[in-house]
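Peer 1: Would you mind keeping the following structure in view while I ask a few things?
The values are calculated or read from the model by the stated rules, or taken from the named source; none is laboratory data. These numbers were taken from a predicted model, which means no experiment stands behind them. Cβ sites come from the backbone with ideal geometry, for glycine too, and all protein chains shown count toward neighbours. Heads up: the accessible areas ignore ligands, DNA and RNA and are worked out on the full protein's heavy atoms, side chains in. Shrake-Rupley method; radii C 1.70, N 1.55, O 1.52, S 1.80 Å.
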Amino acid sequence: MEKNIASYFDQFAVPAEVVSFVDRPIGHFIDGVELDTAADRIDLIEPFTRERLTSLASGTASDVDLAVASARKALVGPWGRMPPLERQRLILRLAEAMEADADVLAHLEAIDVGKAISEARTIDVAGAIANLEYFAGWTSKLDGRTTNAVALAGETLTYTVKEPVGVVAAIIPWNFPLQILSWKLAAALACGCTVVCKPSEQTPLSAMRIAHLAAKVGFPPGVINVVNGLGHVIGQALAAHRGIDKLSFTGSTPVGKAVGKTALETMKRLTLELGGKSPVIVTGNANIDNAANAILSGIFLNSGQVCDAGSRVYAHKSIHDELVHKLRSGAESLPIGAGLDPASRITPLVSSAHRTKVLDHIDSAHAEGAALVTGEPTGSDRRGDGILRPTIFDNCSENMRIFREEIFGPVLGVSHFDTIDQAIERANSADFGLAAAVYSDNVDETVQLSRRLKAGNIYINAHGLLDPTMPFGGMGASGFGKDMGPEQLDGFLSTKSVYVQVASSSAPE
Ligand code: TXE
């Protein structure tokens, strides 16, 4: 292990179990075991020290073939034959194992993504466990319907049957590797599907840990597979594979479009959860303290690397100055530091390449005339580490990149409006439609705004709330299909309609 990483781990007393899990080459998890035959390797870089943590197998299409074959075998074999209540118990056992392993999982997320460990514990790990617990219950409740046919002659029996869609490919991004994996895994397993997961090549650790935990608690080999490697190799091979029945993808809009086109060649079922540029409307009737706090957590959670981050604020002119003042003091008081430091809120971005991309957005906001309220100035006067200060610009408009493009970093744009109609028109002007937030203490206003905003998730007087019972997904360039909620189940089930023509029931002569 590199020197700076070792002393970083020592400083924050990283448990030995975590060190032994990461301090080795990472392979794939296929057919119930970790295997690693890859000659090609990818360096995993720890975001705070920016040193090499370990190496990851850079898989090939033949690794995908192996994983898909194993998933298919499990689907028609032990997993497919398992009574739903037994499946439910196994999913709950995995949730219990994750609970017991919560400290390790939180460390893995903080080390892999660079995120704040306090958030990793309360959001990523706790959220992932809750998803498994919720969907475990659905396993035993996936019934079809018996219908009373209304247009058929004679006596008939008409009913529907719900069947698992088959082998699922789950392509996962780097910002919430464990939580987003759990969104896809929990519902797929509940529906009786088997899964081939492809984590981001930047953040594979928690998916590998989950695969090991699942094997330990008794999941049959092949139910959960993880294939590691580059997106355009492994992700592409999964999208094109004839043995995959459903593709569930979370990531950027351009890659989502490409993956979707490939998946349609083989008529896969498809869910695409893509980027966002979520608007936030603060009316003259808002509680400004509450709004400022929620806006700050809505944009600076995970250092802004959140798909539904509220990144465009429209403030009514009557409260605009007060709100900006509060946003500024709140942003400046956020503790900045290493992901493993329990006090940190703002931590390094996932990679130097991503940080450069975010800085480019900041530079363009300066160049396009947005007014810096706090955060990163232009040019060389910047922190020398992997962290970006929470940055807020005022006087933003829709012709600036900061109000049009997903930045995926700790950068907030603010503007003001005169009338609600103007605010809605501007909020709805983006191609994206993942989330939107409204701050107002006037109930009528909140209901009206929630109806008129174009977004899959609407937050009132809050931002970024998530619950396993609530479907999450977007509109427009933010994709289609849902993660979580009972609505997600349909994405992993096929419905078969069965018609039985019943012979006449009159007694034979
Ligand atoms: O995403 P990608 P990246 C946005 C965000 C970020 C940008 C790039 O704006 O700055 O996307 O992030 C796999 N075929 N979001 O590069 O490339 C890849 O290996 C099949 C929003 O990480 O979309 C990874 O597992 N798969 C988002 C996953 O797709 C491919 C979260 C996502 O990678 C592939 C993350 C290909 N050709 C980034 N290329 C959100 N909505 O939460 C890559 N992949």
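Peer 1: Within region 12-47, which residues are surrounded by 20 or more Cβ atoms within 10 Å (Cβ to Cβ) and modelled with pLDDT under 95?
Peer 2: Passing the criteria: only 38.
Peer 1: Let me ask something else about it. If I filter region 404-416 for residues that are open to solvent by 50 Å² or more (accessible area, probe 1.4 Å), away from the ligand (no atom under 16 Å from the Cβ), over 21 Å from residue 322 (Cα atoms) and more than 26 Å from the chain's Cα centre (by Cα), do I get at least one hit? Working first, answer last.
Peer 2: Taking region 404-416 and keeping what is open to solvent by 50 Å² or more (accessible area, probe 1.4 Å), we get 404-405, 416.
Among the residues that remain, those that are also away from the ligand (no atom under 16 Å from the Cβ) are: 416.
Pick out the ones that are also over 21 Å from residue 322 (Cα atoms) and you get none.
No, region 404-416 contains no residue that is open to solvent by 50 Å² or more (accessible area, probe 1.4 Å), away from the ligand (no atom under 16 Å from the Cβ), over 21 Å from residue 322 (Cα atoms) and more than 26 Å from the chain's Cα centre (by Cα).
Peer 1: Right, another one. Within region 176-210, which residues are under 12 Å from the mean Cα position of the chain (by Cα), more than 10 Å from the ligand (Cβ to nearest atom) and among the polar types (S, T, N, Q)?
Peer 2: 179, 182 - these are the residues of region 176-210 that are under 12 Å from the mean Cα position of the chain (by Cα), more than 10 Å from the ligand (Cβ to nearest atom) and among the polar types (S, T, N, Q).
Peer 1: How many residues are out of contact with any Phe, Trp or Tyr (no Cβ under 9 Å at 6 or more places or on another chain) and either open to solvent by 20 Å² or more (accessible area, probe 1.4 Å) or away from the ligand (no atom under 14 Å from the Cβ) (or both) when one looks only at region 215-231?
Peer 2: The number of residues fulfilling the criteria is 6.
Peer 1: Could you say which residue among 459, 499 is of a type in the set (Phe, Trp, Tyr) and open to solvent by less than 60 Å² (accessible area, probe 1.4 Å)? Don't jump to the end; show me each part of the working.
Peer 2: On the way: 499 fails: open to solvent by less than 60 Å² (accessible area, probe 1.4 Å).
Going through 459, 499 in turn, the sole match is 459.
Peer 1: Also, quick follow-up: Condition (residue is of a type outside the set (Ser, Thr, Tyr), within 16 Å of the ligand (Cβ to nearest atom) and under 23 Å from the mean Cα position of the chain (by Cα)) applied to region 324-343: is it met by at least one residue? Lay out the reasoning, then the answer.
Peer 2: Narrowing region 324-343 to residues of a type outside the set (Ser, Thr, Tyr): 324-328, 330-332, 334-343.
Retained after the next criterion (residues that are within 16 Å of the ligand (Cβ to nearest atom)): none.
There is no residue in region 324-343 that is of a type outside the set (Ser, Thr, Tyr), within 16 Å of the ligand (Cβ to nearest atom) and under 23 Å from the mean Cα position of the chain (by Cα).
Peer 1: While we're here: Checking residue 157 against (1) open to solvent by less than 20 Å² (accessible area, probe 1.4 Å); (2) not in a helix (DSSP H, G or I); (3) not acidic (Asp, Glu), only one condition comes out false. Which one?
Peer 2: Only one criterion in (1) open to solvent by less than 20 Å² (accessible area, probe 1.4 Å); (2) not in a helix (DSSP H, G or I); (3) not acidic (Asp, Glu) is unmet by residue 157, namely (1).
Peer 1: Are any residues in region 55-73 farther than 20 Å from residue 239 by Cα and in contact (Cβ under 8 Å) with a residue 40 or more places away in the chain, and if so, which ones? If you could, list the steps in order and put the result at the bottom.
Peer 2: Restricting attention to region 55-73, the residues satisfying the condition of being farther than 20 Å from residue 239 by Cα are 55-56.
Result: 56, single match.
Peer 1: In addition: What tally of residues in region 417-456 results from selecting those that are of a type in the set (S, T, N, Q) and buried (at least 21 other Cβ atoms within 10 Å of the Cβ)?
Peer 2: Qualifying residue count, region 417-456: 1.
Let's see how each residue does on (1) modelled with pLDDT of 95 or more; (2) assigned to a loop (DSSP other than H, G, I, E, B); (3) under 22 Å from residue 45 (Cβ atoms):
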| site | (1), (2), (3) |
| --- | --- |
| 328 | yes, no, no |
| 331 | yes, no, no |
| 339 | yes, yes, yes |
| 344 | yes, yes, yes |
| 350 | yes, yes, yes |
| 381 | no, yes, no |
| 385 | no, yes, yes |
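Peer 1: Can you tell me which residue is most open to solvent (accessible area, probe 1.4 Å) among those in region 242-267 that are more than 14 Å from the ligand (Cβ to nearest atom) and touching a residue at least 40 places away in the same chain (Cβ under 8 Å)?
Peer 2: 245
Peer 1: Of all the residues that make up region 261-308, how many are among the aliphatic types (A, V, I, L, M) and part of a helix (DSSP H, G or I)? Reasoning before the result, please.
Peer 2: First, the residues of region 261-308 that are among the aliphatic types (A, V, I, L, M): 263-264, 267, 270, 272, 274, 280-282, 286, 288, 291-292, 294-296, 299, 301, 306.
This time we only want the ones that are part of a helix (DSSP H, G or I), so: 263-264, 288, 291-292, 294-296, 299, 301.
Looking only at that region, the number is 10.
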